[in-house]
Structures are given as structure tokens and as C-alpha cells.
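Report on one structure; see the data block that follows.
The values are calculated or read from the model by the stated rules, or taken from the named source; none is laboratory data. None of the values given here were measured: they were computed from a predicted structure. Glycine also receives a Cβ, built like all others from the backbone with ideal geometry; neighbour counts cover every protein chain displayed. Heads up: the accessible areas ignore ligands, DNA and RNA and are worked out on the full protein's heavy atoms, side chains in. Shrake-Rupley method; radii C 1.70, N 1.55, O 1.52, S 1.80 Å.
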There are 2 protein chains.
Amino acid sequence: VATATETEGPRRITPVLLCGGSGTRLWPLSRRATPKQFLCLTGDETMLQQTAGRVRDEALFRRPLVIGAATQADEIAKQLAEAAVVPFRLILEPCARNTAPAVALAALASAADDLLLVMPSDSLIADADAFRAGVALASGWAEQGGLVTFGVRPDRAETGYGYVKRGAEIAPGLFEVDRFVEKPDQARAESFLRDGGYDWNAGIFLFRADVLLGVLRTFAPDIYAAAAAAHAAARADGDRLLPDADAFARAPPLSLDYAVMEKAERIAVVPLDMGWSDVGSWQALYEALSKDGDDNAVSGDVLPIDCQACLLKSDGPLVTAIGLKDLVVVATRDAVLIVSREDSQRVREAVERLAGRGDGTV
Amino acid sequence: VATATETEGPRRITPVLLCGGSGTRLWPLSRRATPKQFLCLTGDETMLQQTAGRVRDEALFRRPLVIGAATQADEIAKQLAEAAVVPFRLILEPCARNTAPAVALAALASAADDLLLVMPSDSLIADADAFRAGVALASGWAEQGGLVTFGVRPDRAETGYGYVKRGAEIAPGLFEVDRFVEKPDQARAESFLRDGGYDWNAGIFLFRADVLLGVLRTFAPDIYAAAAAAHAAARADGDRLLPDADAFARAPPLSLDYAVMEKAERIAVVPLDMGWSDVGSWQALYEALSKDGDDNAVSGDVLPIDCQACLLKSDGPLVTAIGLKDLVVVATRDAVLIVSREDSQRVREAVERLAGRGDGTV
């Protein structure tokens, strides 16, 4: 199948929007059928639409490659169309195999020297200018064959993220990666914060397509082989590319971090202060949202009376909350969650216990 | 129009079910269109159905007279039919004029010497045997021309109810009424509880129809005149009686207590310990309901995880509650309320603020 060879203007970056994530950490809003990237969490646009909007700058970016689940193709296309985003190509994963195989497909569908900016479609970046400046800063290193990861300066001892330890400064704002660190325990997270030399790993990467394929061949040959076979037998349908399902299913389901980034040489990190959040819990969303004078984050058909520091959100019924403090209340047409902000990670338990319902509420 | 003159068997009591109450103290379950008497709050039967079931004993009671709003006629008929209750007559108030005019209509539609047991259709009585025993005990006094009110032995210093102070004991379990007392403040409520001589006024009365009409003529002649005119011009439609709207509208909207009981002579009180509740708030319903091992009262499609002493109720969406304590969560198809049990009287504020919505949610 054809590779991406847009020719207009000087060399620009192809955003690769990873849209295949699943998850129910924001249940009952996020569900198996409607994961986070398809939701409006902070305004009128979905996370996918916001992500696409962040890389709309034509001086820096080409049209995006979007990779998502084949079962979500129409939803992806609809959301991109609503946001007036014309993807260069929509690559449809026949099954979910984590990010390394997905990114391999993107690289295979690109010209060898295309610069690919790989990013999740379900994170928030409040300061898009800072993000784009960081990408521009890193592009020289990537053009020369380096791999870049974008770090986020931590503002708390977070145990929910992986970290990247900075090494020597290669150029202003660009550092060698000393090492990647898995999610730490509380004590280590606190020591990282004190040390100051650690950034959160935001899962955003920049590299040439051929460089990525090279490290895949070296460190994850199974993934490379499966993705290459799936790509070779792919079927094109307009701007949609459908890799071969049997071949793709043979790819080990590994993250790009784990499969190659933690092992490859010539990796640099660009630490950024860009208001990033992975919105991995209702508490994280609460922190990212703007609040009213009582520290409540309120959206939808909600009447708060004497509430403080609550997240109150409805996509369905009228929600009336009286005298609440530090609570999360999220209502949809068919499910309502009430949990303290502190306990908001426990949504997982609820989802596990509800998994068997089979009525679409999970 | 005809009066009630059933002839079968010895003299029995005609239950008069007052079904015209409105109110939104149990919002969002109770609404203008569906007040409390029409709701299933403690089991599979509505409050009206439970009330009718309480006076089904054929040795003691005739078929009931039911008085409700004309706009609710079909709902009343449907609920009574579901509970296999065949009312002697359904009197339809053309407009809401409080209880004294409604009871006047019932008395006018009855034979002069019928014993009428007047009671709200939206209270709980856990011990129906105790209630019926009290009624039987009081019937002699009522046959002789006395008026009876049924008191509830207080178990707390409640400021939400009126009280009845007992006087001398007329017969075992039957006391003269010393006086009626309006809703007291906290200090007086506590002194009543300590004193022991005060009972809650449950709004349940027993008297002969002619005796009631006599005290109405004496103490509330406007009500008597309006009700008599409305009854004289009433239209019968099968078992439904439709009093004249213009005449009835002229009745001053007073409660039976205020209009006559607090003024009449020969009033006795029968204090009962019958598990009574007016279910006037979510807190009151919580107290009346049976609880699980964590002191939660749970009904409907609800998943509680580590909750304590909560009222969790859904008639609509799945409700998942994690780590909550002392909260009320009530969900319906189109509205959800979250409030602490302690603050549950504040539902009133919410309803006032929502009154203008006009979408049926209030």
C-alpha cells in the first residue's frame, strides 16, 4: 500500500493520534463502548477533538494519522469531521494490541524520513503553545535520527505515572534520558520530587518513521514482523487503512515505552510545563477543571446548594446536591456514581463488580 | 345525591382515606404530579394501597370512602384496583381546599350515624393490629357522639409535629384531650417528651358523620356551607362523586384540626404505639425502613460499596455509591438528589429553586 508522501512545503511533522485506548476509570461516563478519548470532559470538544486541535498549526504539522479500533471507525470519523479535521489516513486496528504495534503500523504507513509525533488522544494539555514549542525544539534531534520523549515537570509525588530521569543537557531544553522508571511507590515518588531530576512520562514521542522501525526490528522483532505483515496485507478503503487481522493479532501487546523506548539508545527528553493531565481518575479531572467560587467543578444539568470542592457532572438527569463536600457525583442517562474525590480510584472496584451486567451500563 | 347506607351486618366503621395531599418533601420521588400517597416507599405497595390494606378487616370496617383530587381520579382508581380495593365511593375534589372541606364532603356523603375513620393516605403504620385495636377501643365513645383523635407516643423531641396533651382517663386507653399544641420549638418538644403526657397528633380521627357536621356548623360555618352546596350540586358518575367546583372553591382551606378539632368539646385521644411515621422527609423514611448490616436502606438498582447508614434508592438509573456515610441518594429517571440525612429537610430549598423548570422534574 502507498506510504504518506505529502509534498507541499518544507518538511513538517505528522501527528500520530493514538485513539485505540479503552478504559473505565471515568465510569460511568467512560465505558467499554465509549472510552475517554471520545468524551467531552473539559468543554465542548471531545478529548480526541482537543488533541487534533493541538496539532493544527500548519507551519509545524501535516495532517494527522489517526489510529483507532476498527469498531470505533465511524465515531472517530464523525468526531474528526465535527472538528473540521481531515486526517491524512485513519488506520483501523483489527484488535487492541497496545501502543507499540499501533505505532508500528503508523510508521509503516509513512515515508521513511517522515517525522512522527505520537501521542495519546485522551490527555489534557492546557498550554498547547508550550507543547508545540517543545515539539519544535525537539525536531532537529529527531531529524538527525534521535528519539524524543516529552516529559512533564511533576508538581506532586504521583505514584500513578512512570518517570524519566534526565541525564546531560544536549541542547537547551533537550536532555539525554538517563533511564525510564516504572510507577514508583510513595517514598520513591517523593524522593523523585525532591531530587528534581525526574519528569513524568507522558507517552508522547517524536522520531523519524525509519528510526522507529529500526528500533522495533532490534528490540521487538515480533511486533515489527506482525505489523509489517499486517501492513503488507492491508486493505485501503478511501482514507481508511485496514491492516490484516490475523497478522496483526500475532503482535505481542506491549506499550511503546516497554517494547523499545526503555531499551533504545539516542533517546532524549524534553521536559515541559504544559498543564498536562492524563485525566486518569475523577480526582484528576477535578484538578484539571476550572472551579466556581465554592471550588466546585460543575457541568450539565446540576443544582448545587451549599456544596464545596465537589465535582458535579450530569450528561443526563437533573442532579441536585445539597451540603456536600469533597464528593464526586457523575450522572448519565442510565448510571450514577457518587464517591469521595479521595476514593475516586475505587471506581475500578465498582466497574469490576458491575462487569457482568451486559446492559451497556459498563 | 344518595348517602351511604350499606346495610349488611352490624354497625361498622367507614374508613375515609384522604388522598388529596400534595407535596414534594420526598423530591425527586414525590412531585406535584405524583405526591407521596401514590409512591411505593416501603415495599411493593403504594402508601395509598397500604393505607387501604390497613382497614380491610371486614369485622370492623366497611368499604372505604376515598377523597382525592379530581385530576388524580384515574391514578387513585388504578391503585385501588391493583390492591383489590373496591371503594364505596370516590369523592373527587374539584380543587385542593385542605382537609376540613374534604372531610365535610365525606360526612355529607354518609348516613348521619355512620362512624367515619378519617386518615391520611400517606402515613406509615408498622403495627396495623395496634392501630385497629385502638380504633375498636375508641368506637364506643364515637358512637355516643364523641370525637376521637389518635395520638402517637413520641420517642423523640420532634419539632415537626403538632402535639395533643392528655387529660383525665375516660376509659382504659381513652383520655380526654386537654389541648392541642402547635408544632413546638426544640426546648418545648424536649419538655413534652420529659413530661410524658403529650402525644403526636397523627391526623387520624373517628366520629359520627352527624357529629362532625355539627361541629363544622358551629366552628366552621363557611366550610360547612360551601361543602353542603358543593355536595347538593354534585354529579355522580358510577362510584365517583363530583362535587360542584364553584361551590367547593368557596370553602376556606383549613385543616380539620385547626377548623374544628382544636375547638370542639367532647374530644378524646387514644395514644398508640403503632410504629407511625408521616414519612415527611428522607430522614423519616430512612428511620422507617429496614436496614442492611451496614445500616443502609437500599432499594432499586443500587450498588453500595463500603457505605454506612445511607438511604440509597433508585427508580431509574443504576446508582453506584462508594465510601459514603449518612447520605441520602435518590435517583429517578430524570432527577437525582444527594443530601446528608441530617440536611434532608433542605430538599424544600431545592424544590423552590427548581420550581420554574416546567419540565416535570418538580
Scanning the stretch A:4-41 for residues that are closer than 16 Å to A:Ala96 by Cα, open to solvent by 10 Å² or more (accessible area, probe 1.4 Å) and among the aliphatic types (A, V, I, L, M), the one modelled with the highest pLDDT turns out to be A:Leu18
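Yes/no per residue for (1) touching a helix residue (DSSP H, G or I) at 6+ places or on another chain (Cβ under 6 Å); (2) surrounded by 21 or more Cβ atoms within 10 Å (Cβ to Cβ):
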| position | (1), (2) |
| --- | --- |
| B:Asp74 | no, no |
| B:Glu82 | no, no |
| B:Leu108 | yes, yes |
| B:Ala128 | yes, no |
| B:Leu137 | no, no |
| B:Leu147 | no, yes |
| B:Asp155 | no, no |
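Mind checking which residues of the stretch B:142-192 are polar (S, T, N, Q) and either over 16 Å from B:Ser277 (Cα atoms) or in contact with a Gly (Cβ under 9 Å, 6 or more places away or on another chain) (or both)? Spell out how you get there, then give the answer.
Looking only at the stretch B:142-192, we keep the residues that are polar (S, T, N, Q), and these are B:144, B:149, B:159, B:186, B:191.
Residues satisfying the conditions are B:Gln144, B:Thr149, B:Gln186, B:Ser191.
Filter the strands (runs of 3 or more DSSP E) completely within the stretch B:225-273 down to those with at least 3 residues that are open to solvent by 20 Å² or more (accessible area, probe 1.4 Å). So that I can check it myself, show each step before the final result.
Numbers: elements: B:235-237, B:240-242, B:267-272.
Of the strands (runs of 3 or more DSSP E) lying wholly inside the stretch B:225-273, those with at least 3 residues that are open to solvent by 20 Å² or more (accessible area, probe 1.4 Å) span B:235-237.
Residue by residue, here is whether (1) within 30 Å of B:Leu137 (Cα to Cα); (2) surrounded by 21 or more Cβ atoms within 10 Å (Cβ to Cβ) holds:
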| residue | (1), (2) |
| --- | --- |
| B:Leu285 | yes, yes |
| B:Leu324 | no, yes |
| B:Val328 | no, yes |
| B:Leu337 | no, yes |
| B:Glu342 | no, no |
| B:Arg346 | no, no |
| B:Ala350 | no, yes |
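One line per residue, one yes/no per condition, for (1) more than 23 Å from B:Phe38 (Cα to Cα); (2) touching a strand residue (DSSP E or B) at 6+ places or on another chain (Cβ under 9 Å):
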{"position": "B:Lys325", "(1), (2)": "yes, yes"}
{"position": "B:Val328", "(1), (2)": "no, yes"}
{"position": "B:Arg333", "(1), (2)": "no, no"}
{"position": "B:Glu342", "(1), (2)": "yes, no"}
{"position": "B:Arg348", "(1), (2)": "no, no"}
{"position": "B:Arg353", "(1), (2)": "yes, yes"}
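Rundown of residues vs (1) modelled with pLDDT of 95 or more; (2) small (Gly, Ala, Ser), yes/no style:
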position: A:Ala138; (1), (2): yes, yes
position: A:Leu147; (1), (2): yes, no
position: A:Gly151; (1), (2): yes, yes
position: A:Asp155; (1), (2): no, no
position: A:Thr159; (1), (2): no, no
position: A:Lys165; (1), (2): yes, no
position: A:Asp178; (1), (2): yes, no
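Conditions (1) under 25 Å from A:Ala107 (Cβ atoms); (2) in a helix (DSSP H, G or I), marked per residue:
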residue	(1), (2)
A:Cys40	no, no
A:Asp44	no, no
A:Gln49	yes, yes
A:Gly53	yes, yes
A:Glu58	yes, no
A:Arg63	yes, no
A:Gln72	yes, yes
A:Lys78	no, yes
A:Ala81	no, yes
Taking the stretch B:331-346 and keeping only residues that are touching a helix residue (DSSP H, G or I) at 6+ places or on another chain (Cβ under 7 Å), of a type outside the set (D, E, K, R) and more than 7 Å from chain A (Cβ to nearest Cβ), one is left with B:Ser344
Is one or more of the residues making up the stretch A:297-307 facing another protein chain (nearest Cβ under 8 Å), open to solvent by less than 60 Å² (accessible area, probe 1.4 Å) and β-branched (Val, Ile, Thr)? yes
When B:Trp276 is run through (1) within 9 Å of chain A (Cβ to nearest Cβ); (2) open to solvent by 10 Å² or more (accessible area, probe 1.4 Å); (3) touching a Phe, Trp or Tyr at 6+ places or on another chain (Cβ under 9 Å), the failure sits at (1)
Taking first residues from the stretch A:50-62 that are under 12 Å from A:Phe131 (Cβ atoms) and second residues anywhere that are exposed (fewer than 15 other Cβ atoms within 10 Å of the Cβ), the pairs with Cβ under 8 Å that are 6 or more apart or on different chains are A:Gln50/A:Gly43; A:Leu60/A:Ala136
Of B:Arg97, B:Arg153, B:Arg166, B:Arg132, the only residue that is under 23 Å from B:Ala230 (Cβ atoms) and either without any contact (Cβ under 8 Å) to a residue 40 or more places away in the chain or basic (Lys, Arg) (or both) is B:Arg97
Within the stretch B:42-63, the residues that are in contact with a strand residue (DSSP E or B) (Cβ under 7 Å, 6 or more places away or on another chain) and open to solvent by 10 Å² or more (accessible area, probe 1.4 Å) are B:Thr42, B:Arg54, B:Leu60, B:Arg62
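Look at the stretch B:181-223 and say how many of its residues are in a strand (DSSP E or B) and farther than 29 Å from B:Arg12 by Cα. Explain how you work it out, then say what you get.
To start, the set of residues in the stretch B:181-223 that are in a strand (DSSP E or B) comprises B:181, B:198-208.
Filter once more, keeping what is farther than 29 Å from B:Arg12 by Cα: B:181, B:198.
Within the stretch B:181-223, residues that are in a strand (DSSP E or B) and farther than 29 Å from B:Arg12 by Cα number 2.
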The residue from B:Lys313, B:Lys325 that alone is more than 9 Å from chain A (Cβ to nearest Cβ), of a type outside the set (Val, Ile, Thr) and out of contact with any Ser or Thr (no Cβ under 6 Å at 6 or more places or on another chain) is B:Lys325
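Results for (1) part of a loop (DSSP other than H, G, I, E, B); (2) touching a residue at least 12 places away in the same chain (Cβ under 8 Å); (3) β-branched (Val, Ile, Thr), shown as yes or no for each residue.
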| residue | (1), (2), (3) |
| --- | --- |
| A:Gly280 | yes, yes, no |
| A:Gln283 | no, yes, no |
| A:Lys313 | no, yes, no |
| A:Thr320 | no, yes, yes |
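Here is a check on your reading of the model: is B:Gly356 assigned to a helix (DSSP H, G or I), surrounded by fewer than 17 Cβ atoms within 10 Å (Cβ to Cβ) and at pLDDT below 95?
On the way: assigned to a helix (DSSP H, G or I): yes; surrounded by fewer than 17 Cβ atoms within 10 Å (Cβ to Cβ): yes; at pLDDT below 95: yes.
When the stated conditions are applied, B:Gly356 passes them.
Can you pull out the residues in the stretch A:347-362 that are more than 7 Å from every other protein chain (Cβ to nearest Cβ) and within 24 Å of the chain's Cα centre (by Cα)? Give the derivation first.
Step one: of the stretch A:347-362, the residues more than 7 Å from every other protein chain (Cβ to nearest Cβ) are A:347-348, A:351-352, A:355-360, A:362.
Answer for the stretch A:347-362, where residues must be more than 7 Å from every other protein chain (Cβ to nearest Cβ) and within 24 Å of the chain's Cα centre (by Cα): A:Val347, A:Arg348, A:Val351, A:Glu352, A:Val362.
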